[in-house]
Amino acid sequence: MSDAIPTIAEAAQQIAVKQLSPVELTRACLARIHALDGELSSFLLVTEERALADARAAERAIVAGEPKGPLHGIPIGLKDIVDTKGIPTTCGSKLLQDNIPHTDAACAEKLAAAGTVLLGKLTTHEFADGGPSFDLPAPPARNPWNTGHFTAGSSSGTGAAVAAGLILGGIGTDTGGSIRGPAALCGIAGIKPTYGLVSRAGVAPAAYSLDHIGPMAWTAEDCALMLQALAGHDARDPASSTRPVPNYTALLGRGIKGLKIGVIHHFHEVDHKVSEGTQRGITAALATFRDLGAELREVQLSPLQDWAACGSLISISERAAAYEEWSRTRLGDFSERMRSRLMLGAFVSGVDYVQAVRRRRELRAELQAAMAGLDVVLTATQPWEAAKIDKVPKWDLFEKPGFMMPFNVAGYPAISVCAGFGAGGLPVAIQLAGKPFQEPTLFRVADAFEKATPFRGQRPALTSAS
């Protein structure tokens with residue numbers, strides 16, 4: 001294969017016509033991991049033997065005329081809070097260093113059934129919370145656009161590995177932005193699907209009423225291909241949707257003329273003013289959407305601070321509940337950041353939690369009404385370009401309201417796509433959110449934007465910073 005890193009869609013097409021070997025593709029990814037991941041720390045564990053076995057099995061089946069679909073033979077990675085049968089799943093924590101699950105998580109199971117090639121387990125913030133931490137068994141992942149900078153989290157390894165071309169796609173989880181945040185800072189695509197669309201069975205919990213699982217890849221089209229394999233009802237997850245799974249690529253390439261895009265200007269211009277580079281990316285994106293024939297409309301919602309306060313209070317309370325026993329018996333084994341957040345959550349009163357849940361119903365109804373005549377809404381994903389990795393404040397999630405939490409609070413699907421480059425050549429992004437279970441429309445808009453802009457043609461050069 002050439003030195004160019006293919007997208008999932010490109011690789012699938014080449015594999016289908018026997019122009020690309022899954023084994024060759026896997027070996028190329030493994031070579032990149034060995035060459036580059038010493039700088040990135042995106043992998044906690046590389047499963048080289050498993051990967052080559054998966055690739056050989058895929059190649060045999062495809063040669064025999066038994067292809068499973070577009071993910072057959074595609075190298076991927078799994079965030080290390082996703083259970084993998086016979087393979088360590090540590091959640092990035094001292095508490096689970098010896099944990100080897102007996103079964104696969106539902107998402108791991110589905111991707112394996114689709115014929116993917118598992119390259120390994122990807123770095124995560126401890127139990128998907130509170131990073132970057134430097135007091136864990138493994139170092140935090142670093143941003144491939146500049147390794148002195150942060151990836152965001154908690155799907156940090158997935159963001160870094162996809163951007164650097166170590167994998168073609170990977171699994172992230174998102175409780176308040178943990179898919180979309182790393183997607184934005186690492187310059188890739190990442191979607192938080194509608195709540196309940198992808199089973200969470202076998203994935204370590206963060207906050208059960210906010211947790212989502214979704215794909216991260218170089219393009220929105222690739223995310224759509226992955227979501228096709230991941231979506232569907234699972235009785236093991238009590239929140240799992242029973243809706244039929246649509247074709248997530250059906251609307252790609254149809255253009256967006258006449259679609260209505262609501263812009264939540266006050267989120268990123270008033271409530272939490274974004275960096276100049278981020279604002280330039282948003283402004284240029286709006287011009288692109290106009291040129292493509294979309295109609296732009298102003299959307300006014302409750303202040304971003306209301307959404308963030310509601311979501312963060314629910315999140316810290318449910319996290320404290322999820323890890324209550326270990327907090328009582330092994331608190332000192334958590335990282336300092338995780339320990340502080342668990343202790344904070346333990347002090348939330350039942351009254352405050354119930355009031356936050358009540359407020360969530362109001363906010364969700366407000367978003368539903370605002371989107372009644374719209375196809376998607378748009379705002380920022382991250383407020384600024386990636387910070388230096390050693391300058392991320394301990395309470396970063398609470399200092400300023402985040403743009404991603406509103407869509408966890410509402411449970412609506414939201415995707416981050418690259419919208420250019422800002423200070424220091426670091427990526428900036430836009431966030432698009434759709435109506436519940438309308439992922440095909442969300443992919444349609446995101447894909448049209450990516451194909452109308454040049455940003456998918458530039459990969460990180462992997463530079464180090466002082």
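The values are calculated or read from the model by the stated rules, or taken from the named source; none is laboratory data. Quick caveat, the model's predicted, so the values are computed rather than measured. Virtual Cβ from ideal backbone geometry, glycine too; neighbours counted across all protein chains shown. Side chains are part of the model used for accessible areas, which takes the heavy atoms of the whole protein and leaves out ligands, DNA and RNA. Shrake-Rupley method; radii C 1.70, N 1.55, O 1.52, S 1.80 Å.
Key figures for this structure:
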item: Boolean, PHE403 is within 24 Å of GLU269 (Cβ to Cβ) and among the aromatic types (Phe, Trp, Tyr); result: yes
item: Boolean, ALA346 is over 30 Å from LEU259 (Cβ atoms), open to solvent by 20 Å² or more (accessible area, probe 1.4 Å) and out of contact with any Gly (no Cβ under 9 Å at 6 or more places or on another chain); result: yes
item: Single condition ASN146 does not satisfy, out of (1) closer than 19 Å to PRO383 by Cα; (2) crowded, with 24+ Cβ neighbours inside 10 Å; result: (2)
item: Condition met for ARG339 (in a helix (DSSP H, G or I), charged (D, E, K, R) and either farther than 25 Å from GLY130 by Cβ or open to solvent by less than 40 Å² (accessible area, probe 1.4 Å) (or both)); result: no
item: Checklist (1) closer than 20 Å to ILE261 by Cα; (2) more than 21 Å from the chain's Cα centre (by Cα) applied to MET405, failing item; result: (2)
item: Residues that are under 23 Å from GLY373 (Cα atoms) and of a type in the set (A, V, I, L, M, F, W, C), drawn from region 276-323; result: ILE282, ALA285, LEU286, ALA287, PHE289, LEU292, ALA294, LEU296, VAL299, LEU301, LEU304, TRP307
item: Top-ranked residue in region 114-125 [being within 28 Å of PHE421 (Cβ to Cβ) and aliphatic (A, V, I, L, M); ranked as surrounded by the fewest Cβ atoms within 10 Å (Cβ to Cβ)]; result: LEU119
item: Residues (open to solvent by less than 20 Å² (accessible area, probe 1.4 Å) and of a type outside the set (D, E, K, R)) located in region 126-140; result: PHE127, ALA128, GLY130, GLY131, PRO132, SER133, PRO140
item: Some residue of region 1-16 being modelled with pLDDT of 95 or more, open to solvent by less than 70 Å² (accessible area, probe 1.4 Å), closer than 20 Å to GLY159 by Cα and not hydrophobic (A, V, I, L, M, F, W, C); result: yes
item: Out of ALA320, ALA387, sole residue that is open to solvent by less than 50 Å² (accessible area, probe 1.4 Å) and under 30 Å from ALA287 (Cα atoms); result: ALA387
item: Counted residues, region 245-300 - those being outside any helix (DSSP H, G or I), farther than 29 Å from LEU227 by Cβ and open to solvent by 30 Å² or more (accessible area, probe 1.4 Å); result: 3
item: Selection from region 154-187 of residues that are in a loop (DSSP other than H, G, I, E, B) and under 9 Å from the mean Cα position of the chain (by Cα); result: SER154, SER155, GLY177, SER178, ILE179
item: Close pairs from region 423-444: first open to solvent by 10 Å² or more (accessible area, probe 1.4 Å), partner in a helix (DSSP H, G or I), Cβ under 6 Å, at least 6 apart; result: ALA423/GLY277
item: Positions within region 61-88 being surrounded by 24 or more Cβ atoms within 10 Å (Cβ to Cβ) and either without any contact (Cβ under 8 Å) to a residue 60 or more places away in the chain or assigned to a helix (DSSP H, G or I) (or both), in sequence order; result: THR84
item: Close pairs (7 angstrom Cβ cut-off, 6 or more residues apart or separate chains): touching a residue at least 24 places away in the same chain (Cβ under 8 Å) in region 136-151, in a strand (DSSP E or B) and not charged (D, E, K, R) anywhere; result: ALA138/LEU44; ASN143/HIS149; TRP145/PRO427
